Amino acid sequence: MHCQCVHEFGQPLRPDDRPDMTPRGTEVILSVTAAGVCHTDLHIREGGYDLGHGRKLEFAQRGIALPLVMGHETVGEVVAAGPDVGTLDRGKKYVVYPWIGCGTCAVCASGQEQLCMKPQFLGMHVDGGYATQIRVPHPKYLHEIGDIPPEKRRTAGLFGAYGLWRAQEGGKHAERPCASGDRRWRPWADVRATVAGAGGQAPVFVDIDPVKRASALAAGACAAVDPRAADAVAQIHAAAGEAPLAAIDFVGAEATAELGFDALGKGGTYVIVGLFGGAAPWALPLIAVRALTIRGSYTGSPGEFAELMQLARNGAIKPIPTTCYKLDEAEDVLNSLAGGKIVGRAILAGV
Ligand SMILES: [Zn+2]
Ligand SMILES: [Zn+2]
């Protein structure tokens, strides 16, 4: 099998050729037909996150061993299954749930594997989808992609679904205390991926890139605001009706966190999904005075992923713009992503 690997943090990916995989026990081997390229992968290649105040979270000290095949947004076809797999339809394409835990702790038993303290995430702790083959430890992590039209199979839906999954997940957290019908619950969302309207209401989209703003409006955002505008907060308030009670930050930078915080109404919830980096820019007394909730959202549970895939199969999720590249273009694609040149989602599809 062929793969693109991180051999050294901070260095370009390098191609590798390895023997084809053989499954043991409950393992399933998929032939990868598509692998989404994610901002998270940029951080992995770089070797950590900027924590602000001159500090850095180093993956090398967090149990991420090299060489590593990145890629946690993977679709493939079954080529081999271990003796304990049982029945599995080999004629289908599957998307892989990647946020796999140890499987034995109380957190995993509660169905929140993505929060396990001994994570085995595909593409992060264990080899992922930037490859012609991927090893999945159990068929329960496979979800049929359903009747997505053949021409869109590689280019639509499911990878967008990941972005949307995070959006939906962020939206879920933001919506939790929401009184339905309250106009102020139209969320403000600073997104790099398309958002299909959390809770059925179109979000206000904020991004510095005019191309991405246009793309968001085309995808159904009720307004698209340039955060650099002097009256950005006023524009957000006008578009949402008044100060919104929910903001989802898909960037997670100091500038976005500051603007999002300033735009929120009293009693609002600020959900951080993005991992760009930096330190919190907020004045502590204002968090209390304005009764704000600041919370994080990290992927979603296996059960939530199953729900999302059901929505995708039912056609409830609009595809986002995607572009396909060859597996061996992975390094160039990552560089384009780092340069802000990718609109929607980049997908590695085939060698
Ligand atoms: Zn991702
Ligand atoms: Zn666990």
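The values are calculated or read from the model by the stated rules, or taken from the named source; none is laboratory data. The shown structure was predicted, so the numbers you read here are calculated from the model rather than taken from an experiment. Cβ sites come from the backbone with ideal geometry, for glycine too, and all protein chains shown count toward neighbours. The area values use the complete protein model at the heavy-atom level, side chains included, leaving out ligands, DNA and RNA. Shrake-Rupley method; radii C 1.70, N 1.55, O 1.52, S 1.80 Å.
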Inset, instruction - Among the residues of region 27-53, write down those that are crowded, with 22+ Cβ neighbours inside 10 Å, outside any strand (DSSP E or B) and away from ligand 1 (no atom under 16 Å from the Cβ). - result: none
Inset, instruction - Could you please find all residues in region 310-335 being at pLDDT 85 or above and touching a Phe, Trp or Tyr at 6+ places or on another chain (Cβ under 9 Å)? - result: 327, 330, 332, 333
Inset, instruction - Find the residue count for region 287-298, including only residues that are closer than 17 Å to residue 244 by Cα and exposed (fewer than 12 other Cβ atoms within 10 Å of the Cβ). - result: 2
Legend entry - Unique match (being within 16 Å of ligand 2 (Cβ to nearest atom) and either at pLDDT below 95 or not polar (S, T, N, Q) (or both)) among 63, 48: 63
Legend entry - Filter result for residue 155 (more than 16 Å from ligand 2 (Cβ to nearest atom) and modelled with pLDDT under 50): yes
Legend entry - Filtered residues of region 1-26 (kept if touching a Pro at 6+ places or on another chain (Cβ under 9 Å), basic (Lys, Arg) and assigned to a loop (DSSP other than H, G, I, E, B)): 24
Legend entry - Top-ranked residue of region 88-112 - restricted to ones that are away from ligand 1 (no atom under 16 Å from the Cβ) and in contact with a Pro (Cβ under 9 Å, 6 or more places away or on another chain), ranked as nearest to residue 41 (Cα to Cα): 101
Inset, instruction - Considering only region 66-87, state which residues are surrounded by 13 or more Cβ atoms within 10 Å (Cβ to Cβ), in a loop (DSSP other than H, G, I, E, B) and either more than 24 Å from the chain's Cα centre (by Cα) or not assigned by TED's automatic domain parsing to the domain that holds residue 122 (or both). - result: 82, 85
Inset, instruction - Identify the residue in region 97-148 that is charged (D, E, K, R) and near ligand 2 (Cβ under 9 Å from one of its atoms) and, among all such residues, is nearest to residue 320 (Cα to Cα). - result: 113
Legend entry - Matching option when the condition is open to solvent by 60 Å² or more (accessible area, probe 1.4 Å), assigned by TED's automatic domain parsing to the domain that holds residue 214 and not aliphatic (A, V, I, L, M), among 254, 329: 254
